[in-house]
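The values are calculated or read from the model by the stated rules, or taken from the named source; none is laboratory data. Only a predicted model underlies this, so the values are computations on that prediction, with no experimental measurement involved. Cβ atoms come from the backbone with ideal geometry, glycine included; neighbour counts cover every protein chain shown.
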Amino acid sequence: MGRPEVAGDSREKFARGPGGFMMRGHMDLLAGREFTVASYGIGAAYAGWILREFGADVSHRTALDPEGIGVFLGQGATFDAYPPLSAPAGGTLITDAPVNPGTRAAIQELRGRALVIWLTPWGSDTSWSEYPASGLSLYAAGGWMTMVGEPGREPLAPPVDLAPFIAGLCGAIAGLTREAGRGRERGLVEIAGIEAMAATLIYDTVAFQYHGTLRGRVGNRYSRTQPTIVTLPCRDGYIGIHAALHNQWVALAGLAGHPELVHDRRFASPGDRARDIAQLDEYLLPWLAQRTRWEAYHELQRSRIPASAHPDMAEVLESPQLAVRGSWRGVETPGGRKLRVPGAPARVREGTARTSGPDRGGPWKDGTLRVVDLSMGWAGPLAGQILAALGADVIKVESHAHFDWWRGSRPPGDGSGLALHERSHVFNAVNRGKRGICLDLRTGRGNELARRLIQGADIVIENFGAGVIEKLGLTYERLNADNPGLIMLRQPGFGSDGPEAGYVTFGNTIEGMSGLTALTGYAGGPPLMLSNALGDPVSGLIGAIALLSALAARNRDGKGRLVETAQLEGFLPLVSEALISYQVTGRIPERNGTRRPGHVPAGAFPCHGGEWLVIEVRSDAEWAALAGLIGLEWAAAPELEALAGRVEREAEVEERLREWTRMRAREEVVTACLAAGIAAAPVLNEGDLLAFAPLVESGFWVGEERAYVGYHLYPGLPIRGEGGRAGVTGPAPTLGQHTAEVLAGLGVDAEELQSLADEGVTGDRPA
């Protein structure tokens with residue numbers, strides 16, 4: 001498979017690793033914090049697992065299969081087919097119990113004396129509240145599925161249930177807000193799975209409003225506007241190339257042996273390259289054909305081009321990078337199977353305390369928590385945005401010479417007042433609620449002002465490339481010496497140590513190297529990206545969890561921390577079902593469209609007018625209900641009543657079902673299926689989401705007026721309490737909008753401010 005062997009047991013646990021980080025199994029950020037979990041599915045179980053990994057005492061009862069995913073997410077749990085809903089007075093219960101009258105009554109009784117965090121599919125108070133749901137139906141209705149697959153073919157979903165994992169991360173955040181000094185002591189907080197999925201699609205609904213266009217399915221590419229984020233064939237398989245930025249395009253052209261393309265008008269911009277994709281691929285394919293995917297992967301990465309070799313489950317488990325970092329943990333099922341599963345998603349290094357004793361109260365409780373956000377792109381800024389939504393003062397630091405690349409990968413603007421860098425839907429979506437300043441950190445004065453700003457901060461977030469923070473002199477050691485009690489979050493793609501530590505990643509890269517891309521695609525076809533970089537929002541959510549955990553620890557002992565959340569390690573739990581399946585069966589999972597093992601039929605089906613829906617039959621009873629709806633002789637065949645018969649005739653069942661759905665309106669079929677207790681949902685695009693009933697009825701969409709672009713709806717935080725939804729306050733800042741305001745707080749007067757501008761240290765337009 002082309003990867004070098006790594007000596008030693010990858011499951012070994014170390015007391016302390018490279019750089020002084022506390023390793024797997026030794027985090028105590030949440031020591032003394034207690035949570036109760038009653039999990040009926042993956043969502044609550046994952047929330048409990050991640051809180052346990054950060055050091056909390058979690059009392060967990062679960063209905064998960066102890067021989068399956070339960071061996072991972074149910075570590076330390078008691079297995080119970082019907083976990084009871086209970087919590088000690090003043091405690092916190094996290095549950096994904098089904099929405100029904102019995103659950104409602106139990107939660108109503110508990111919410112008066114405990115904090116109840118309830119994970120539901122559609123929201124407990126919407127018109128869809130008691131409809132059935134599956135991971136597939138939430139993925140489809142959440143807007144993700146419509147973008148994956150070939151144009152003209154059925155939309156695709158990966159064969160893993162992503163929605164409950166995302167909801168579980170949100171549930172952990174909801175639980176931690178109290179522990180960090182900002183949440184409710186009792187009552188009900190709700191996380192709807194549909195909101196969690198729509199929230200991770202953070203910018204597509206905004207793009208639709210800005211531009212009136214839909215992304216659609218583009219096969220092996222990320223999008224129509226990113227022609228060099230692509231999956232292409234190599235000598236022995238497929239490689240993912242994720243060259244999103246101009247410098248990466250320059251490096252790619254040179255690596256492929258065609259540096260002249262950089263000056264070719266046909267390929268001058270991403271738009272130009274998108275208009276001549278076939279010709280572009282002809283330049284890349286001969287170079288790839290001479291290399292294995294692992295050879296191409298390492299060559300691309302050495303040229304600072306994000307890439308993924310699209311490993312399968314066996315290769316993920318054999319990863320030298322994950323082995324060196326001790327990313328796996330050994331577990332044993334009740335039946336005696338020994339398996340490897342993902343370990344904790346973070347490493348922690350203790351800093352000095354801000355006082356001689358515990359931080360009693362702390363700035364967070366006063367509502368004045370200050371966060372300095374040095375990050376760019378999606379993952380780091382999302383972590384900062386979540387803290388802003390919870391009430392923190394988040395200051396985003398950019399340089400007008402090298403601003404956040406999500407504003408545009410090149411200095412934008414055409415001199416006519418368009419200010420393209422202010423019209424970026426991606427930047428404007430993920431930086432709401434922040435103040436923004438411009439400081440060139442490469443200059444002496446800019447660097448000194450940044451350090452002064454950080455001296456008065458509680459948290460610093462950074463996701464610079466390898467070695468950048470050191471070159472800038474903004475290491476945690478230096479910053480913590482100036483500011484005892486400081487918490488710093490680092491989010492390297494693969495981690496700060498190991499043979500691939502310096503490799504470049506985007507969210508697509510994380511998806512690919514986790515094995516998710518290898519699982520996604522049509523039967524017999526190539527691997528396909530999710531087309532929305534799920535690795536980024538997952539990393540942002542985990543980053544927020546890590547920061548809230550570190551704040552809880554500082555409330556206890558006054559100490560600051562350096563927390564590293566390697567994005568790849570944080571993503572591994574999402575493919576844990578496939579990892580476990582491979583170890584149990586010895587078979588590498590193959591791409592198989594939208595089919596779900598043990599669920600027949602399950603997939604996307606066409607409807608009248610070119611629309612699509614998903615149907616997932618999870619039991620014989622649900623099949624009987626669907627057969628009754630169809631009302632045709634073939635569906636009533638006795639041999640289809642049991643799963644084994646439907647598996648044997650799966651292709652036939654799917655084709656017959658397509659014939660039936662194709663003649664009917666999507667709403668008609670979805671409504672009938674849901675009423676009959678069958679998990680079904682429309683495959684919604686980014687425009688549809690803005691009017692989807694569960695999202696509208698829950699107040700998920702938040703309106704913001706912003707300079708240059710006007711008023712639009714943006715996704716809210718999928719955490720809703722009895723007092724309303726936690727949400728950002730204000731639009732994303734314009735470039736340098738708050739520079740004067742923030743620097744005045746550091747004692748910079750008008751004369752010095754002008755001097756900084758004259759020297760190019762500050763600015764409010766691209767340099």
Check: Do any residues in the stretch 177-192 that are part of a loop (DSSP other than H, G, I, E, B) have Cβ atoms under 9 Å from those of residues that are at pLDDT below 90 and of a type in the set (Gly, Ala, Ser), where the two are at least six apart or on different chains, and which pairs are they?
Finding: ALA180/GLY362; GLY181/GLY361; GLY181/GLY362; ARG182/GLY367; ARG182/GLY391; GLY183/GLY721; ARG184/GLY721; ARG184/GLY723
Next item on the list: Tell me the helices (runs of 4 or more DSSP H) entirely within the stretch 462-514 that contain at least 3 residues that are under 26 Å from ILE229 (Cβ atoms).
Entry: 507-514
Notebook entry, point to check: List pairs: first in the stretch 422-443 and on the phi > 0 side of the Ramachandran plot, second aliphatic (A, V, I, L, M) and in a loop (DSSP other than H, G, I, E, B), Cβ under 6 Å, 6+ apart or cross-chain?
Noted result: GLY433/VAL728
Item checked: Identity of the residue in the stretch 611-665, part of a strand (DSSP E or B) and among the β-branched types (Val, Ile, Thr), that ends up farthest from the chain's Cα centre (by Cα) -> ILE615
Checklist line | Selection count where residues are in contact with a helix residue (DSSP H, G or I) (Cβ under 8 Å, 6 or more places away or on another chain), among the hydrophobic types (A, V, I, L, M, F, W, C) and touching a residue at least 40 places away in the same chain (Cβ under 8 Å), scope the stretch 262-291 | finding: 3
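Hey, which of the helices (runs of 4 or more DSSP H) in the stretch 246-319, taking only ones fully inside, have at least 1 residues that are buried (at least 19 other Cβ atoms within 10 Å of the Cβ) and aromatic (Phe, Trp, Tyr)?
Values: elements: 246-255, 270-275, 277-289, 293-302, 313-317.
Per the criteria, 246-255, 293-302.
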Notebook entry, point to check: If you check GLY219, GLY123, GLY112, which single one turns out to be assigned to a loop (DSSP other than H, G, I, E, B), under 18 Å from GLU511 (Cα atoms) and touching a residue at least 60 places away in the same chain (Cβ under 8 Å)?
Noted result: GLY219
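I'm trying to understand the selection: among the residues of the stretch 666-683, which are part of a helix (DSSP H, G or I) and surrounded by 19 or more Cβ atoms within 10 Å (Cβ to Cβ)?
ARG666, VAL669, VAL670, CYS673, LEU674
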Note to self: What's the total number of residues in the stretch 65-81 that are surrounded by 22 or more Cβ atoms within 10 Å (Cβ to Cβ) and touching a strand residue (DSSP E or B) at 6+ places or on another chain (Cβ under 8 Å)?
What the structure shows: 5
Item checked: Hits in the stretch 444-461 - residues which are within 13 Å of VAL397 (Cβ to Cβ) and assigned to a loop (DSSP other than H, G, I, E, B) -> ALA457
Next item on the list: From GLU722, GLU697, GLU667, GLU752, grab the single residue that is farther than 30 Å from LEU418 by Cβ, of a type in the set (Asp, Glu), outside the structural domain of ARG178 (by TED's automatic domain parsing) and in contact with a Ser or Thr (Cβ under 7 Å, 6 or more places away or on another chain).
Entry: GLU697
Next item on the list: Determine, yes or no, whether LEU110 is in contact with a helix residue (DSSP H, G or I) (Cβ under 8 Å, 6 or more places away or on another chain) and outside the structural domain of LEU626 (by TED's automatic domain parsing).
Entry: no
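Collect the residues in the stretch 118-139 that are touching a Leu at 6+ places or on another chain (Cβ under 7 Å) and either surrounded by fewer than 24 Cβ atoms within 10 Å (Cβ to Cβ) or among the hydrophobic types (A, V, I, L, M, F, W, C) (or both), keeping them in residue-number order. Write out each step before concluding.
First, pick out the residues of the stretch 118-139 that are touching a Leu at 6+ places or on another chain (Cβ under 7 Å): 118, 121, 131-132, 135, 139.
The answer is TRP118, TYR131, PRO132.
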